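The values are calculated or read from the model by the stated rules, or taken from the named source; none is laboratory data. None of these values were measured; they are calculated from a predicted model. Reconstructed Cβ throughout: ideal geometry from the backbone, glycine too, with neighbour counts over all protein chains shown.
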Amino acid sequence: MATLHSERLARDFSDGTSLRRVLFPTTLTLHPGELTVLSGPSGSGKTTLLSLLGLVLQPTEGRLRLDDRDLTDLDEADAATVRRQAFGFVFQQPMLIEGLSVRENILLAIGIQGERPSAAHQAKAEALLADLGLAGTGPLQPRLLSGGMKQRVSIARALVKDPAVLLCDEPTSALDAESGQAVMRILKRVALEERRVVVVVSHDARVFPYADRLLKIENGQIVADARERYLP
Amino acid sequence: MRSLVALRLVLHDRASTAGALLGVVAIVFLVGQQLSVFFGLLSFMSVLVDHSGADAWIMSRDTRNLDAGKLIPARYLDRLVGLPEVEWAEPILIGSNLFRTPDGSYETVRLVGSRRPRYAGGPWRFAAGDQHALLDLEAITVDQIDLPKLGRPAMADLTEIGDRRVRLAAITQGARGFQGTLVFGTLEKVREIIRTPAGQVSAIVVRFTPGTDREAALARLRVVLPYASVFRTEDLSWLTRQYYVTNTGIGGSFGFSTVIAVVIGVVIISLTMYTSVLGRNRDFAVMRALGGRRRDIAFVVCAETLIITGLGLFLGFVMLAGLLHFALDSAIPCYLPAPVPIVLAVGTLLVSLLASLFALRTALQAEPAQVFH
Ligand SMILES: Nc1ncnc2c1ncn2[C@@H]1O[C@H](COP(=O)(O)OP(=O)(O)OP(=O)(O)O)[C@@H](O)[C@H]1O
Ligand SMILES: [Mg+2]
């Protein structure tokens with residue numbers, strides 16, 4: 001699978017009158033097969049970095065590459081197409097769409113640009129559901145599921161397109177301890193066995209043991225970058 | 001998949017779907033109903049011309065509509081019948097007088113006299129009796145729709161119009177004039193009732209010989225009758241309608257109520273679509289993050305509008321058909337010429353797409369980055 005590089009990626013936000021630098025130039029190489037945890041205090045820029053890495057936010061400066069492909073300066077439609085092909089997202093809330101069944105929510109990640117999901121995609125969606133302990137929930141409305149189940153559906157939605165990169169923003173913070181552990185075990189396996197780039201933003205200490213690499217960010221700057229073996 | 005998403009959203013967000021549906025149905029039904037009354041009245045205005053079976057109408061010079069012509073000499077007929085282009089030419093007399101109802105009161109009626117045996121310009125459809133009834137010199141017809149107004153005279157009843165004795169010999173169907181109750185009779189009887197001097201008629205209707213070039217024939221008639229107006233039947237029908245529409249304010253008042261109906265529909269559609277999209281803002285941001293381009297979001301919103309409009313058109317037309325069915329046998333004028341429903345459907349579709357532009361704009365503002373907040 002692919003490697004994600006950021007070169008001096010930075011982002012400013014205007015707070016009405018003046019521009020404020022929320023993320024200072026950040027150079028990172030994120031490897032497949034590794035679960036990277038990004039932690040730091042509230043407002044430190046974790047979500048901003050994750051959004052830049054996921055092409056949902058344009059950097060003020062710097063470049064982003066997926067292997068050799070430069071992803072900076074893409075127009076709206078091209079950026080969407082890259083997200084559709086290569087990036088999976090898991091958010092703090094499951095953000096499933098009410099009115100669509102669980103299966104349709106998952107397949108939407110394939111069909112959002114108008115494609116009809118193939119039989120292979122349908123089979124993949126069912127396999128993912130079974131794999132995530134959600135066998136048989138495909139035809140159900142999301143509101144019938146518990147919070148932990150919904151979050152696992154959203155992981156299935158992120159994985160159905162076989163993304164090179166999986167970006168998760170506090171995926172466990174809305175869940176109870178047990179569901180949170182289950183989600184982390186899945187993410188860990190996705191990184192390790194399926195050789196994807198997985199980044200998990202979290203300030204939940206219970207997540208750290210799953211990390212292969214732990215990044216700490218403060219005031220928009222990476223202040224620590226540690227591999228598993230250096231962790232206490 | 002995008003159309004499926006649109007369908008699911010429409011089915012799930014029942015309140016806003018119902019609201020937008022109401023807007024579409026309001027446009028189809030209200031505008032359709034207005035138009036059917038309008039076209040109904042239009043058909044009344046020119047009913048005699050439209051059912052004359054003639055190719056051309058000859059009236060006095062400078063005539064602007066069927067009901068405002070001076071009398072013309074009946075001897076024009078002699079000049080016409082000899083022409084090779086003319087298969088037949090028939091005189092018509094039109095005028096008004098008072099009809100005495102069985103209870104002794106009076107109603108103004110519009111009399112139309114036509115000549116035996118062809119009765120061109122005469123009655124064309126009967127609820128009781130037939131054309132042969134007019135062979136009797138005293139015979140007249142009244143229309144089914146006017147029977148209550150005229151005190152429900154029975155067949156073969158004797159009464160008076162303009163103090164002349166007449167006998168109800170047939171009952172017509174669909175003979176409704178804009179100027180009021182239409183009564184058909186023989187040329188001689190009508191001449192007597194409306195006191196027209198002999199040798200004068202209101203109009204002459206002409207049928208061309210099959211295979212004749214119509215334009216050439218019309219030009220020929222104009223040469224032969226330089227002191228008369230020669231109309232194509234369609235032109236006279238159009239002129240008569242145009243005259244009433246512009247001179248009675250009917251056009252303006254129907255235009256106004258149609259515009260109001262459209263405005264109400266547009267307001268309902270745009271408000272409900274806007275609220276619905278606003279409520280779905282987060283979902284549109286999710287779709288963007290999943291890889292949806294702006295145009296995919298636009299597709300979903302437009303598909304939602306199309307689905308709702310399609311459903312609304314169906315409901316609206318079913319209701320309209322119900323109303324027309326009910327109104328057909330009543331005194332309510334109603335008539336929808338074939339192209340009108342199609343124009344109405346296409347117009348409604350455009351209007352409702354236009355009304356959803358505001359919602360579309362809002363949906364397109366959903367940014368993928370929103371999903372992280
Ligand atoms: N769209 C925006 N406009 C202006 N300022 C923004 C915007 N998004 C983020 N910020 C600011 O950037 C800073 C970093 O925000 P970010 O969301 O990246 O923090 P975070 O580390 O994810 O915090 P948390 O743990 O609370 O989620 C904050 O001060 C925030 O107010
Ligand atoms: Mg955050």
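The table below lists the values:
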read-out: Failed item in (1) surrounded by 13 or more Cβ atoms within 10 Å (Cβ to Cβ); (2) modelled with pLDDT of 90 or more; (3) out of contact with any strand residue (DSSP E or B) (no Cβ under 6 Å at 6 or more places or on another chain), with residue B:261 passing the rest; value: (2)
read-out: Test: residue A:13 is within 14 Å of chain B (Cβ to nearest Cβ) and either part of a strand (DSSP E or B) or away from ligand 1 (no atom under 16 Å from the Cβ) (or both); value: yes
read-out: Residues satisfying the stated conditions in region B:328-373, i.e. away from ligand 1 (no atom under 16 Å from the Cβ) and of a type in the set (Phe, Trp, Tyr); value: B:335, B:358
read-out: Residue selected from region A:42-58 under the condition of a type in the set (S, T, N, Q) and within 11 Å of chain B (Cβ to nearest Cβ), by the criterion farthest from ligand 2 (Cβ to nearest atom); value: A:58
read-out: Considering residues of region A:8-41 that are of a type in the set (S, T, N, Q) and in contact with a helix residue (DSSP H, G or I) (Cβ under 9 Å, 6 or more places away or on another chain) only, the residue nearest to ligand 2 (Cβ to nearest atom); value: A:39
read-out: Hits in region A:20-53 - residues which are part of a strand (DSSP E or B) and more than 10 Å from ligand 1 (Cβ to nearest atom); value: A:24, A:25, A:26, A:27, A:28, A:29, A:30, A:34, A:35, A:36, A:37
read-out: Some residue of region A:29-40 being within 14 Å of chain B (Cβ to nearest Cβ) and surrounded by fewer than 23 Cβ atoms within 10 Å (Cβ to Cβ); value: no
read-out: In region A:194-225, residue nearest to ligand 1 (Cβ to nearest atom) [restricted to those that are outside any loop (DSSP other than H, G, I, E, B) and at pLDDT below 90]; value: A:205
read-out: Flag for residue B:69 being on the phi < 0 side of the Ramachandran plot and part of a helix (DSSP H, G or I); value: no
read-out: Residue under evaluation residue A:102, criteria (1) farther than 26 Å from residue A:184 by Cα; (2) buried (at least 21 other Cβ atoms within 10 Å of the Cβ), criterion not met; value: (1)
read-out: Failed criterion for residue B:27 (all others in (1) under 20 Å from residue B:177 (Cα atoms); (2) touching a residue at least 12 places away in the same chain (Cβ under 8 Å) hold); value: (1)
read-out: Scan of region B:94-129 for residues that are exposed (fewer than 15 other Cβ atoms within 10 Å of the Cβ), within 25 Å of the chain's Cα centre (by Cα) and assigned to a loop (DSSP other than H, G, I, E, B), ordered by number; value: B:125
read-out: Residue within region A:59-66 that is within 14 Å of chain B (Cβ to nearest Cβ), free of Cβ contacts under 8 Å to residues at least 24 places away in the same chain and closer than 21 Å to residue B:370 by Cα present; value: no
read-out: Unique match (being farther than 15 Å from residue B:95 by Cα and crowded, with 20+ Cβ neighbours inside 10 Å) among B:154, B:139; value: B:139
read-out: Wholly enclosed helices (runs of 4 or more DSSP H) of region A:67-176 bearing at least 1 residues more than 11 Å from every other protein chain (Cβ to nearest Cβ), touching a helix residue (DSSP H, G or I) at 6+ places or on another chain (Cβ under 9 Å) and of a type in the set (Asp, Glu); value: A:119-131
